[in-house]
1. Please find, within segment 132-170, the residue that is farthest from the ligand (Cβ to nearest atom) out of those that are without any contact (Cβ under 8 Å) to a residue 40 or more places away in the chain, of a type in the set (G, A, S) and farther than 24 Å from L201 by Cβ.
2. How about segment 35-51: which of its residues are within 12 Å of the ligand (Cβ to nearest atom) and either among the aromatic types (F, W, Y) or surrounded by fewer than 23 Cβ atoms within 10 Å (Cβ to Cβ) (or both)?
3. I'm trying to understand the selection: among the residues of segment 5-34, which are away from the ligand (no atom under 16 Å from the Cβ), at pLDDT 95 or above and closer than 21 Å to R89 by Cα?
4. Kindly indicate which of G71, G129 is surrounded by fewer than 15 Cβ atoms within 10 Å (Cβ to Cβ) and away from the ligand (no atom under 14 Å from the Cβ).
5. Of all residues in segment 105-121, count the ones that are within 8 Å of the ligand (Cβ to nearest atom) and either modelled with pLDDT under 95 or of a type in the set (S, T, N, Q) (or both).
Amino acid sequence: MSIKRKDALRVAVLASGRGSNLQAVIDAIETGTVQAKIVAVISNKKDAPALERAHRHGLSSLFVDPKPYAGRPDSREAYDRELLDVLRRHDVELVLLAGYMKIVTKVLVEAFANRMMNIHPSLLPSFPGLDVQKKAIEWGCKLAGCTVHFVTEGVDEGPIILQAAVPILDDDTSDTLAARILEQEHKIYPRAIQLFAEGRLRVVGRRVVIEGGKPLGETIINSS
Ligand code: GAR
């Protein structure tokens with residue numbers, strides 16, 4: 001059963017780079033496809049284009065410098081404690097990792113259990129980690145794709161919310177494949193956020209049940 005909210009869902013986006021997924025979420029909110037409000041865009045990279053995008057749309061954008069924590073045995077946790085502070089100050093309900101290239105620790109995972117999502121450019125559980133489009137081609141896979149999942153402590157391991165698949169063509173390079181996958185990322189991430197905003201995602205063990213989903217589920221295959 002979906003829940004009608006009084007106020008827009010308060011979302012924070014963590015991004016390290018280009019920010020095209022952030023842009024897709026901003027666009028979906030601006031066109032009313034997603035009922036949410038981005039209350040903070042946070043980066044671990046000072047020059048991340050994602051921060052610039054946030055700024056252009058009048059969103060609060062923030063660089064949180066990891067350097068002061070470098071060299072400490074608990075550097076990642078200490079950094080995440082600072083992030084947690086920022087997220088709490090902004091009353092964040094849902095955290096989105098969008099090209100956030102830093103491993104999040106227990107500190108954030110526990111505080112945002114089932115309230116933190118990531119987008120990854122492979123059909124998990126195949127190909128977690130980096131260079132995944134190249135790996136999919138090298139393995140001779142016929143399909144590749146992307147996954148939106150809740151974040152747990154294991155990298156790219158959390159319960160899967162939505163996936164989209166695309167074909168791998170004989171003449172694909174990692175770049176052409178990545179571009180085809182990215183188009184799908186920009187569709188399924190906003191969709192997953194809206195499902196969350198509607199209160200339709202229920203985590204059962206390592207599965208995510210979509211309440212009121214279509215009989216065949218919400219998985220998109222080769223959607224255009
Ligand atoms: C996206 O393809 C996203 O799936 C990937 O980084 C890219 C960021 O692009 N994320 C990961 O690989 C995380 N494991 P963007 O900055 O344009 O959104």
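1. The qualifying residue farthest from the ligand (Cβ to nearest atom) is G140.
2. Going through segment 35-51, the residues within 12 Å of the ligand (Cβ to nearest atom) turn out to be 41, 43, 45, 48-51.
Within segment 35-51, K45, P49, L51 meet the criteria.
3. A8, L9, R10
4. The conditions single out G71.
5. 1
The values are calculated or read from the model by the stated rules, or taken from the named source; none is laboratory data. Only a predicted model underlies this, so the values are computations on that prediction, with no experimental measurement involved. Because the Cβ atoms are built from the backbone with ideal geometry, glycine has one as well, and the counts that use them run over all protein chains shown.
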